[in-house]
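Take a look at the structure below.
The values are calculated or read from the model by the stated rules, or taken from the named source; none is laboratory data. Just so it is clear, the structure is predicted and the values come from calculations on it, not from any experiment. Here the Cβ positions follow ideal geometry from the backbone for every residue, glycine too, while neighbour counts run over all protein chains shown. Note: accessible area is taken over every heavy atom of the protein model, side chains too, but ligands, DNA and RNA are not part of it. Shrake-Rupley method; radii C 1.70, N 1.55, O 1.52, S 1.80 Å.
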Amino acid sequence: MAGTASVAGEVFVDALPYFDQGYDAAGVREAAAALVEEETRRYRPTKNYLSYLQTPDFAIFETEIMRNEFERLAARQPMDLLSMKRYELPAPSSGQKNDITAWQECVNNSMAQLEHQAVRIENLELMSQYGTNAWKVYNDNLAFMIETAQKELQKFRKQIQDLNWQRKNDQLAGGGKLRELESNWVSLVSKNYEIERAIIQLENEIGSLRQQQGDENKENIRQDF
């Protein structure tokens, strides 16, 4: 890997993916997957990364009807059938055929049903008269919200792209510098090796000359005596 950088003061990343080579070599992907799997097995989070958030209250928007329905679903009970009793116009029972009060209640019920249907018709007429414009305004608001969200999305995508371009340029520049430093290091190591060889060769030559000089001195002393 090419370099080391600190992330959040805890994790050290030693890679320049835009510069490093060899990721497509045989066995590299499998080896990386094995390392990730091994780390996930032994990694145990030491803190709650969502501790700064408030505990969510999922029931804050629930109404009484919603809570009852959720309880029904949790109990796996069937849904109640739609009651049509309010729309019925029953006649008095056989025992109340001559009861004026019972007939008055039936008349009142029928009048209430007629009034209810009249209100429904009036609502439909109002809807046909004003509902179109209301839906147009609603759709315009939705279109504006979608356009605003798309602009935000494009802005964030551009920021991400710019960040990736910056990362790529920085990594390529850093990778080129690392390659230059590595080349200089190899050159210096080679020069040190050559210097060491030359020193050893000179030491050997000096040793040979000293030995030769010593032999000559011994021969001269022998000749003097």
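What to note about this one:
- Options 159, 213, 223, 171; residue that is at pLDDT 90 or above and not hydroxyl-bearing (Ser, Thr, Tyr): 159
- Scanning region 38-47 for residues that are part of a loop (DSSP other than H, G, I, E, B) and either under 30 Å from residue 23 (Cα atoms) or at pLDDT 85 or above (or both) turns up 43, 44, 45.
- Within the set 172, 142, 181, 188, the sole residue that is under 48 Å from the mean Cα position of the chain (by Cα), assigned to a helix (DSSP H, G or I) and in contact (Cβ under 8 Å) with a residue 12 or more places away in the chain turns out to be 172.
Yes/no matrix, rows are residues, columns are (1) open to solvent by 100 Å² or more (accessible area, probe 1.4 Å); (2) not in a loop (DSSP other than H, G, I, E, B):
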{"residue": "36", "(1), (2)": "no, yes"}
{"residue": "49", "(1), (2)": "yes, no"}
{"residue": "60", "(1), (2)": "yes, no"}
{"residue": "65", "(1), (2)": "yes, yes"}
{"residue": "69", "(1), (2)": "no, yes"}
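- Residue in region 170-177 that is on the phi < 0 side of the Ramachandran plot, among the polar types (S, T, N, Q) and open to solvent by 70 Å² or more (accessible area, probe 1.4 Å) present: no
- Filter pass, residue 96 being in contact with a helix residue (DSSP H, G or I) (Cβ under 9 Å, 6 or more places away or on another chain) and surrounded by 10 or more Cβ atoms within 10 Å (Cβ to Cβ): yes
- Checking residue 23 against (1) under 30 Å from residue 180 (Cα atoms); (2) modelled with pLDDT of 80 or more, the condition it does not meet: (2)
- Taking the listed residues 135, 103, the one that is part of a helix (DSSP H, G or I), open to solvent by 70 Å² or more (accessible area, probe 1.4 Å) and in contact with a helix residue (DSSP H, G or I) (Cβ under 9 Å, 6 or more places away or on another chain) is 103, with no other qualifying.
- Evaluating residue 79 against the criteria (1) open to solvent by less than 90 Å² (accessible area, probe 1.4 Å); (2) of a type in the set (A, V, I, L, M); (3) assigned to a loop (DSSP other than H, G, I, E, B) leaves one unmet condition, (1).
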